[in-house]
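The structure appears below as C-alpha cells.
Read-outs: derived from the displayed coordinates by stated rules, not from any lab. All of these numbers come straight from a predicted model, not from anything done at the bench. Here Cβ is always computed from backbone atoms with ideal geometry, including for glycine, and neighbour counts include all displayed protein chains.
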Amino acid sequence: MKIIHISAECYPIAKVGGLADVVGALPKYQNNTGTTSRVVMPFYNNKFSKEHKFKTVHEGNLELGTDFLSFKILIPENSDLGFELFLVDIPNLLFKDYVYSEKDTERFLAFQIAALDWILQNKQLPEIVHCHDHHTGLIPFMMSHAIKYKKLKNIPSVFTIHNAQYQGWFSHDKIELIPAFPLSHIGLLDWDNCINPLATAIKCAWRVTTVSPSYMEELKLKANGLESLINSESQKCIGILNGIDTKVWNPGDDDLIVAKYGTDDCDAGKQASKEWLCKKFNLDFKKPLFVFIGRLVEEKGADLFPELFDLALKRLDISILLLGSGNKEVEKQLMQLTNKYPKNYNAFIGYDEALSHKMYAGADFLLMPSRVEPCGLNQMYSLRYGTIPIVNKIGGLKDTVVDISDGGFGFLHTENTVKGIFDSIKRATKYYSDSSKFKETRKTIMQIDHSWDESAQQYVTLYKSLIKQT
C-alpha cells in the first residue's frame with residue numbers, strides 16, 4: 001500500500017508545533033507495518049536545508065491564477081528519517097526562513113498545486129493521500145473536482161485535523177487561484193461567506209480524523225464555527241490518538257540529556273538531570289521542580305501564568321522553570337518574575353529542542369493547563385521521562401492522564417483558572433513530600449506505552465477500508 005502524507009511541517013525538517021512531530025513519526029511507524037509511506041512538504045530556508053544536499057527528481061511549472069511559477073521536487077541525498085521525503089521548492093514563495101506568515105494563502109495553495117501536479121505525472125499513483133491541517137485542506141477538493149486532476153478522483157483522501165482553531169480562511173476574491181473546476185461545486189469551498197480550507201477538507205475528504213477521540217467529540221460542541229459541519233459529517237469522522245516517537249523520546253538513549261536512564265536507574269538519572277537544570281537556571285535542587293514547555297498563548301493557558309506563578313511561588317516551597325515564547329506582554333510579565341523570585345523561578349523565552357529534552361528529564365512535574373489540546377504530546381513525553389503531568393481535563397489530555405486520586409499517575413483539574421491550577425500544584429507538592437510513593441509513580445509512568453505502533457496500525461486499517469471502496 002502506497003501512502004503520501006502532505007504537510008506544512010515535519011520533524012526534524014521543519015517544526016513549529018506538534019503537527020511536525022506527528023508527520024515525522026507516523027509514516028515511519030506505518031512503514032514498519034509493511035506499507036510505503038512518504039512525506040511531501042515545502043522546502044524551507046532552514047537548518048535542514050543548509051545541512052543537507054539535495055537531488056532534483058522533478059521540475060515543472062504551475063499556474064497560480066494568472067501567474068506561472070516554476071517548481072522543483074527535491075529529495076535529500078543522505079538522510080535516515082525512516083521514510084522517503086519529497087520537498088517542494090518554489091523559491092519566491094516557500095524558500096523562506098519561516099514556516100508560516102501573513103501571505104500563507106498564496107504560499108500554501110501553490111504548494112498544494114505543485115504537490116498534486118507532481119503526483120499526477122508519477123507512473124505509480126498513491127493509493128491514499130493523507131493531508132494534515134488546513135495548509136493542505138484544498139487537496140481533497142482539487143482531487144475530486146478540479147478538471148486537471150480528474151485522474152486522481154478515485155484515490156481516497158484522508159484529512160487529519162490537528163487544530164481546528166486555525167482554518168486558513170481567505171476571500172472569494174482569490175478563487176481564481178484555485179485550478180479550474182465546475183462552478184456547480186463552489187459551495188464546497190464556502191463556509192460563512194469565505195473560502196475555508198479546513199471546512200472544505202471536512203466536506204470533501206473521504207475520511208476525517210482528529211488526533212484523539214475526546215477532541216473529536218469536543219469539536220461537535222466547540223470548533224471555532226464548524227460545529228454544525230462536523231456534526232453533519234460525523235459519520236465519516238473518527239478520533240485516533242496520536243503516539244510519540246519512542247526512538248526520539250527515549251531517556252535510555254537520548255544524547256540530548258545529561259544522564260541516560262531507564263526504570264532501573266530512574267532515580268539517579270532524574271537526579272543528575274535535575275541538578276544540571278537547577279545549576280543552569282539558579283534554582284534550588286531540593287524543591288519540587290515544575291516546568292512548562294510550549295507556546296505562550298491563550299490556548300495553552302499562558303495568560304494565567306503570571307498570576308498563577310506569583311501565587312504558587314509565594315505560598316508553596318517549589319521551583320518553576322519555563323521554556324516558551326508567544327504573547328509579548330505575557331513574556332514581559334514572566335520575565336519580571338525572575339527578579340521577584342531569583343532563587344526558585346526562571347524562564348527561557350524562545351525555543352530550544354535540546355533544552356526541552358533536558359527539562360523533561362530533570363523536572364518533577366509538567367504543567368499543561370491548556371484550554372484547547374487536540375491531543376497533546378508533551379504529557380506523553382513527560383510520562384516517558386518519569387515526569388508527572390498536571391493537566392486540564394480536556395481533549396487528548398484526559399485520554400492519556402488519569403488522576404492520582406482515581407488510582408492513576410497525574411493531576412487533573414476541571415476548573416482551568418488560577419485557583420484550579422494552583423490547587424493541582426498544591427496537591428502535587430504534597431504528593432512529592434511522600435518520597436517513596438512519588439518515586440514509585442515515576443517508575444510506573446515510564447512504562448506506559450504511548451508509541452505510534454497501535455495508532456499507525458489503526459490508520460493502516462482505515463486506509464484499507466477506503467481502498468476497498470474504490
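The share of C-alpha pairs in the range 266-446 whose separation exceeds 26 Å stands at 20 percent. Cβ-to-Cβ counts within 10 Å put His58, His132, His357 in ascending order as His58, His357, His132, the fewest first. For a straight C-alpha distance cut-off of 20 angstrom, the aspartates and glutamates reachable from Lys468 (same-chain residues fewer than eight places away being disregarded) are Glu127. For the Cα atoms of the chain, what angle does the longest principal axis make with the long axis of helix 435-446, in degrees from 0 to 90, nearest 10? Approximately 20 degrees, to the nearest 10.
With semi-axes defined as the square roots of five times the eigenvalues of the C-alpha gyration tensor, the equivalent ellipsoid of the range 285-373 measures 18, 16, 12 Å, largest first. Using only alpha-carbon positions in the range 229-283, the gyration tensor eigenvalues give semi-axes of 40, 15, 9 Å once each is multiplied by 5 and square-rooted (largest first).
Working from Cα pairs under 8 Å separated by at least six residues, relative contact order for the chain is 12 percent.
Take the convex hull of the alpha carbons in the range 209-259; its mean projected area over all directions comes to 5.1 nm².
Can you list the aspartates and glutamates whose alpha carbon sits under 14 Å from that of Lys150, skipping same-chain ones fewer than 8 residues off? Excluding near neighbours in sequence, the set is Asp117. Assuming charge only on the beta carbon of Lys and Arg (+1) and of Asp and Glu (-1), the dipole of the chain about its Cα centre is about 420 debye to the nearest 20. Here the scattering of the range 393-436 is modelled by Debye summation over its C-alpha atoms, one equal scatterer each and no solvent; at q = 0.15 Å⁻¹ the log10 of I(q)/I(0) is -0.38. Cross-link pairs exceeding 29 Å between alpha carbons, from the set Lys398/Lys430; Lys286/Lys443; Lys314/Lys437; Lys222/Lys340; Lys47/Lys343: Lys222/Lys340; Lys47/Lys343.
By the equivalent-ellipsoid construction on the alpha carbon gyration tensor, the range 30-152 comes out with semi-axes of 21, 20, 14 Å, ordered largest to smallest. Residues Asp352, Asp264, Asp117 in ascending order of nearby Cβ atoms (within 10 Å, fewest first): Asp264, Asp352, Asp117.
The order of the peptides 419-427, 317-325, 382-390 by mean Cβ neighbours within 10 Å, most packed first, is 382-390, 317-325, 419-427.
Only helices enter the 222 nm calculation for the chain: every DSSP H run of n ≥ 4 contributes -39,500 (n - 2.57), and dividing by all residues gives -10500 deg cm²/dmol, rounded to 500. The per residue volume of the convex hull around the alpha-carbon atoms of the chain is 145 Å³. Relative to the longest principal axis of the Cα atoms of the chain, the long axis of helix 104-121 makes an angle of roughly 60 degrees.
Give the angle, between 0 and 90 degrees and rounded to the nearest 10, that separates the Cα long axis of helix 18-31 from the longest principal axis of the Cα atoms of the chain. The angle comes out near 70 degrees. How large is log10 I(q)/I(0) at q = 0.19, 0.20, 0.21 Å⁻¹ when the Debye formula is applied to the Cα atoms of the range 354-470, each weighted equally and without solvent? The Cα Debye sum returns log10 ratios of -0.99, -1.08, -1.17.
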